[in-house]
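One structure is given below, encoded as structure tokens.
What follows is calculated from the coordinates using simple rules that are stated; it is not laboratory data. These figures come from a predicted structure and were not determined experimentally. Quick reminder, even Gly has a Cβ in these numbers, built from the backbone with ideal geometry, and neighbours come from all protein chains shown.
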Amino acid sequence: MDISVAVLDPAVDAPCSALADRFICGGLDDPRAIARLVGCSQVTTYEIEHIDAAALQQLQCEGHRLVPDPRVLAVVQDKLEQRQLFARAGLPGPRFSGCTPADEAAPADFGFPCVQKARRGGYDGRGVVILRGISDQRIDRPSLLEQYVSIKRELAVLVVRAADGGMVSYQPAEMKFDPYSNICTHVIAPADLEPGIRAEAVRIAEAAVEALGGVGVHGVELFQTRDGRVLLNEVAPRPHNSGHYTIEACVTSQFEQHLRAVLGLPPGAVETLAAGVMVNLLGAPGFSGRTVVEGVRGALALPGVALHIYGKRHCVAGRKMGHLTAVAAGADAAMQHAQSAAASLVIRGENRVA
Ligand SMILES: Nc1ncnc2c1ncn2[C@@H]1O[C@H](COP(=O)(O)OP(=O)(O)OP(=O)(O)O)[C@@H](O)[C@H]1O
Ligand SMILES: [Mg+2]
């Protein structure tokens, strides 16, 4: 679309540095680096939550255009504030309460099993623990306690909201998680849902984005419970891991949608062209160091498989190093090809670690 892009990233060899028209190396918590990025841009947006929101708000006051409003970031950066906002908007979610490290009785008072989440700084399941009893290891930071939900499926709805408040949503996708690390491993799109659940997921997702007042793409994470309800988990006001499949499987990718929305252009069509299964390619356990990729030929030989390797130079176990998407006429075939492709690929560090 001939849009010139400047990017800020803390790593000097960040993957985006080779792609952006202008690359600024600096911390996302460094007000001066943020000011350099915003100062050279007509409009600034984000694809990560952990940025100094006060610095962004200051720049907004000085007249710079930031989309979405930095206040949206400030809310989602704090899982407790986010839950409180959604509760005020009447959206269904697990019972929750705030918790400080000093308050040792809080989990027992709240009731086991419960889920403890760090209020700030968590991602990819880091900063989330399930507490089943008083002896379980807790998070030693200001946190949030949530009722442990008996989950049938984890769903994600990508909601695109324009500056004028208009919204379009992709069909809900199902996210599969590793039960130990809580990291998303697979996304199946569209999710195989009863029509009532599908409509409820989209309704809640759009209401959450409305309550937040975001502009751009939002990844809205939801739980379908075993007793047939849909509960809101959290909202990421940016392109989301659950939406990577849209590059191959939908008319408009989530990345283009985000650009369109932040630039004030009309949204693209959200229709699905094919069933898609996305697999996150994580750093292999037992290795760390310079990134080594093996098995590309075998993965690409499978029908409908597209491979995205991010070009992160350093690999540690569990790091998101890329993803692949398989598209097919049906979800079963897409899953089969995605699984085979993922099984043929290894992304690892060059050194074996104990
Ligand atoms: N209340 C809950 N009951 C049961 N499981 C939960 C609950 N909250 C979170 N989980 C599990 O933990 C995962 C991570 O939680 P959450 O999305 O809040 O954290 P996160 O670190 O921000 O994750 P990510 O960055 O992957 O989105 C969820 O996707 C779900 O599998
Ligand atoms: Mg999450």
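Listing for the model above:
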{"item": "Value of relative contact order over the range 95-147, rounded to a whole percent, pairs C-alpha under 8 Å and six or more apart", "result": "51"}
{"item": "Sites excluded, GluC sites (Glu not before Pro) in DSSP loops with at most 14 other C-beta within 10 Å, longest stretch of the chain", "result": "105-270"}
{"item": "Hz values of 3J(HN,Hα) by residue in the range 105-121 - Karplus curve (6.51, -1.76, 1.60), Gly and Pro given as x", "result": "7, 4, x, 5, 5, 5, x, 9, x, 9, 10, 9, 10, 4, 4, 10, x"}
{"item": "Taking the range 151-352 and dividing mean pair separation by its residue count, relative contact order in percent (alpha carbons under 8 Å, at least six apart)", "result": "20"}
{"item": "Burial ordering of Thr246, Thr252, fewest other beta-carbon atoms within 10 Å first", "result": "Thr252, Thr246"}
{"item": "Unit Cα scatterers, Debye sum, the range 151-352: log10 I(q)/I(0) for q = 0.09, 0.13, 0.16 Å⁻¹", "result": "-0.35, -0.72, -1.03"}
{"item": "Between the range 149-197 and the range 88-128, the Cα center-to-center distance that results, in Å", "result": "22"}
{"item": "Viscosity 1.567 mPa s, temperature 4 °C, Stokes-Einstein D of the chain from Kirkwood C-alpha radius, µm²/s", "result": "61"}
{"item": "Long-range HN-HN contacts of Leu281 with modeled amide H, under 5 Å", "result": "Met321, Gly322, His323, Leu324"}
{"item": "Trypsin sites (Lys or Arg not before Pro) lying in DSSP loop within the range 218-267, provided at most 12 other Cβ fall within 10 Å", "result": "Arg226"}
{"item": "Residues Asp52, Asp13 arranged by fewest to most Cβ contacts within 10 Å", "result": "Asp13, Asp52"}
{"item": "Pairs of Cα atoms farther than 19 Å apart, the range 95-147, %", "result": "12"}
{"item": "Residue order, fewest to most beta carbons within 10 Å, for Val262, Val346", "result": "Val346, Val262"}
